[in-house]
Every structure is written in C-alpha cells, then in structure tokens.
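All remarks here apply to the structure that follows.
Bear in mind that the values in this text are calculations on the coordinates, not laboratory data. The shown structure was predicted, so the numbers you read here are calculated from the model rather than taken from an experiment. Methodologically, a virtual Cβ is constructed for each residue, glycine included, from the backbone with ideal geometry; neighbour enumeration extends over all protein chains shown.
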Amino acid sequence: MASNTTLHSDTISEVTAREKDLTGLDQPRKGGPTAQAQKHAGEPLSGDAISAINRGEKNVTFEDAPVQGGPTAFAQSAASSSNRTPKLDSSTISSVTDAEKRLTGDDDPVRGGPTAQAQKHAGEPINRQNIHDITEGEKRVPGDAPVKGGPTATAQSELTRSRN
C-alpha cells in the first residue's frame, strides 16, 4: 500500500489514545499497538506498519479482528486518507499562478487565464476536465499553447506526484 502518511508523534499519540480507550489503562501496554507503532516511527504508514499495530492490538484485546475505532482502524483510515485524489487547493492554485507569472512576466493573472480557470475549480479533485480548463486558460496567455513547466504541467505534476 503506498502512503504519504508517516508514523510521526501525532499519529503515534492517536494510536496511544485509542489503545488507552481499549484497555482502560493510563499507560500503553508492552507489546501493544503503541509499542508496535513506535518501532515504525518515522516510516511511512505502510501495510507492514499497520500489520504491526494490528498485532499489538491483538496483544491487548485477545481478539482476532481489529476493534472498530481502535488503533488498527485509525491507522488504516489515516493511510487511506493520505492516498486520496489531490484537490485544486490553495497550494496547487498558487503553483499554477506562479507558473503563469513565469510565462507572462506579469504579477497579475491573465483574465480567463490558467489561474482563473483553476480558481473556478477550487476544492475539486484534480481531473481531466479541470486540467482541460486550465489548458484552455493557458492558451489565453501569449504563445497560445501549453508550455513545458507551465500552469497545465503544474496541475498535472501535482496529480502525478500524489499517485506515486
């Protein structure tokens, strides 16, 4: 499973909180989900890390299946949420604007240009339609064709990066 989420202190703290909910104890148990998560600290929240957290959960619940809302369920949810389709968020729109500025040499976006097209789709998942619209906007920029490293390429790059 590819994941952009890393097992960092916030993630491990949430695993600990859910372990405490399961056990009713103030401290994590030796060999439990927190201990297993700590062994993978700084690593991607991969299938191996989730399996380790699950083994730790089994050590404290003595159940074969993960508990709904427990440490394993949290880890699975965190991993899957990091693999969602990227959106045209403020960061991506800002990158499109920067690419447009490099093309035009002007600080102001072109009316109906790539930035305007990206803003029309703000918050939406990056898809074929909004990339097409950004490309159409890029055609309004002098040169009349998408440019390597330009606004369209920037949006496509964001989509590609999220899939790797």
### Message
In Å and on Cα atoms, what radius of gyration and Dmax does the range 9-81 show?
### Response
10.6, 29
### Summary
Longest principal axis of the chain (C-alpha) makes with the long axis of helix 90-104 (C-alpha) an angle, in degrees to the nearest 10, of 30 degrees
### Globularity ratio of the chain, using Cα Rg and 2.2 N^0.38 Å
1.44
### Task
Report the local net charge at Leu7: Lys and Arg +1, Asp and Glu -1, summed over other residues whose C-beta lies under 13 Å from its C-beta.
-3
### Query
So, in the chain, how many Lys pairs have Cα atoms under 20 Å apart, if the pair is 8 or more places apart or on different chains?
12
### Query
What's the angle, to the nearest 10 degrees (0 to 90), between helix 71-81's Cα axis and the longest principal axis of the chain?
10 degrees
### Message
Net charge around Gly137, counting only other residues with Cβ within less than 11 Å of its Cβ (Lys, Arg = +1; Asp, Glu = -1)?
### Response
0
### Query
Modelled label-to-label distance, Lys120 and Arg140, 7 Å Cα→beta-carbon offset: nm?
0.8 nm
